Amino acid sequence: MVDLEWFRSFVAVYRSGTVSAAARVRFLTQPAVSQHILALEAKAGHPLFLRTPRRMVPTEPGKALYSEVAQAVDRLGQALRGTKLQAPSEDRVFRIGSPVEYFVERVMDRLFGLQFRYWVGFGHARDLLEKLDRGDLDMVIATQRLSTSGIEYSKLADERFILVGPPGKSPRGGPGRGNLSQAEKWLAAQEWISYGTELPIIRRFWQECFGRRPDIRPVLVIPNLHAILRAVELGIGISLLPDYLCRAALKAKSARVLWEPPQRVVNEIWLAFRKTDRHDAEARRLRDRLTSTPEQTPPARSSFSSGDA
C-alpha cells in the first residue's frame, strides 16, 4: 500500500531541493521525510533523487513521477487548507528569482491575494535561470531566454528604455531629431552612468541608433537602476532607464528626457518555469496573476521573505 503522505513529502522535497527544507514546509522531522522518500523509492523500484552534498537532484523517473502526482497533491492541499488536518506551515512556498528593480516596480503588488508564501531572490538572468533549471527556484523573471530543454517561457512584458538626464541639462546644442551624426557626437561627449563596465544597455542603444559600439568611459558604474536614477537626479550624469522607473521623477521634474531616438530600445521580459510544473495548478494561478494587467490584480495581503538567490 502507498501512503499519500509519501507523495506529499516527495513533492515537498522536489520543490524545496532538500530534505531539511521539505521537513520545515511539512512541519515534520527530517527523518520522517527521509523515510517517506525511501519508502516511495522502494515501492517505485528505482531512485527518485540523486543525493548530493548540497541538494536532492530529481532523477528522470523522479521528474516523471512529479509531473504525474504534483497536481493531485496540490488539490489535496487545497482541500485540506483551513481544516485541522493541515498545519499552517504547509502553505505553498514559491521561490521566485527576479531583477530587483523590476520586482519592486512591477511584480511585488501582483503577488498578493493567492494565499501563498514567497521567498524572493535577486540576481542576473543567466544565474537565476541556471538556479531554476537546478531546482533551486520555482519561477524566474528574466530579460533573456536560455536554450534549456527543461525550462518553458511565457512573455511577461516589454521594457522600454529612455535616455534621461538631470533637470538642469540644457537641450541647447544637444542631439537633433534628424541628425544622427550630431546626436552621436553630443552624446559621446556626455558623462554617462552605466549599470555595468561592459555598458550593457548603453552598448545596445548605441548599436541600434548609430550602428556601432560606443566609445565612452562612464563616470559612474553602479549595478542598481534605482541608484542610477538617483545619480541622474543629483546631476552626476545621464543614463538609459526603463520608462516605468522614471515616471515619478519625470512628473516631479527631477529628471528629464534628453532625446527620443528614431529606434526604441526595448527589452523583452519573460516569465520562466520548469516544464515539469506546467500543469501545477497553484503555479499556474501564480503565472496567471503575474501576466495579468494591473487593473486585474486585486489588492490583498500575503507573506514574503527575501534573500540573495
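The values are calculated or read from the model by the stated rules, or taken from the named source; none is laboratory data. Small disclaimer: the values here were computed from a predicted structure and weren't measured. Every residue, glycine among them, receives a Cβ derived from its backbone with ideal geometry; neighbour counts consider all protein chains shown. When the accessible area is computed, the model is the full protein with side chains, heavy atoms only, and any ligands, DNA or RNA have been set aside. Shrake-Rupley method; radii C 1.70, N 1.55, O 1.52, S 1.80 Å.
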Quiz item: Taking the condition part of a loop (DSSP other than H, G, I, E, B), closer than 16 Å to residue 159 by Cβ and in contact (Cβ under 8 Å) with a residue 12 or more places away in the chain, does residue 223 pass?
Solution: no
Quiz prompt | Qualifying positions in region 120-148 - in contact with an Asp or Glu (Cβ under 9 Å, 6 or more places away or on another chain) and either open to solvent by 10 Å² or more (accessible area, probe 1.4 Å) or over 21 Å from residue 223 (Cα atoms) (or both) | solution = 122, 123, 130, 132, 136, 138, 139, 143, 144, 145, 146, 148
Practice problem: Could you tell me whether residue 288 is surrounded by 15 or more Cβ atoms within 10 Å (Cβ to Cβ) and among the acidic types (Asp, Glu)? | Solution: no
Exercise. Within region 157-172, identify whether any single residue is surrounded by fewer than 16 Cβ atoms within 10 Å (Cβ to Cβ) and free of Cβ contacts under 8 Å to residues at least 40 places away in the same chain, and answer yes or no.
Key: yes
Quiz item: How many of the residues in region 27-36 are among the hydrophobic types (A, V, I, L, M, F, W, C), open to solvent by 30 Å² or more (accessible area, probe 1.4 Å) and touching a residue at least 24 places away in the same chain (Cβ under 8 Å)?
Solution: 1
Exercise. Kindly indicate the residue of region 1-19 that is closer than 17 Å to residue 136 by Cβ and at pLDDT 85 or above and also surrounded by the most Cβ atoms within 10 Å (Cβ to Cβ) among those meeting that condition.
Key: 13
Quiz item: For the subset of region 37-61 comprising residues that are in contact with a helix residue (DSSP H, G or I) (Cβ under 6 Å, 6 or more places away or on another chain) and over 26 Å from residue 131 (Cβ atoms), which member is most open to solvent (accessible area, probe 1.4 Å)?
Solution: 46
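Give the residues of region 32-86 that are among the charged types (D, E, K, R), modelled with pLDDT of 85 or more and either closer than 24 Å to residue 150 by Cα or assigned to a strand (DSSP E or B) (or both), sorted by residue number.
The answer is 41, 51, 60, 63, 68.
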Practice problem: Inspect region 230-238 for any residue being open to solvent by 70 Å² or more (accessible area, probe 1.4 Å) and part of a helix (DSSP H, G or I) and give the result as yes or no. | Solution: yes
Quiz prompt | Qualifying residue in region 253-270 (condition: open to solvent by less than 70 Å² (accessible area, probe 1.4 Å), within 22 Å of the chain's Cα centre (by Cα), modelled with pLDDT under 95 and among the acidic types (Asp, Glu)) | solution = no
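Every residue, every condition in (1) aromatic (Phe, Trp, Tyr); (2) in contact (Cβ under 8 Å) with a residue 40 or more places away in the chain; (3) within 25 Å of residue 235 (Cβ to Cβ), yes or no:
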site: 189; (1), (2), (3): no, no, yes
site: 192; (1), (2), (3): yes, yes, yes
site: 200; (1), (2), (3): no, no, yes
site: 205; (1), (2), (3): yes, yes, yes
site: 213; (1), (2), (3): no, no, no
site: 217; (1), (2), (3): no, no, yes
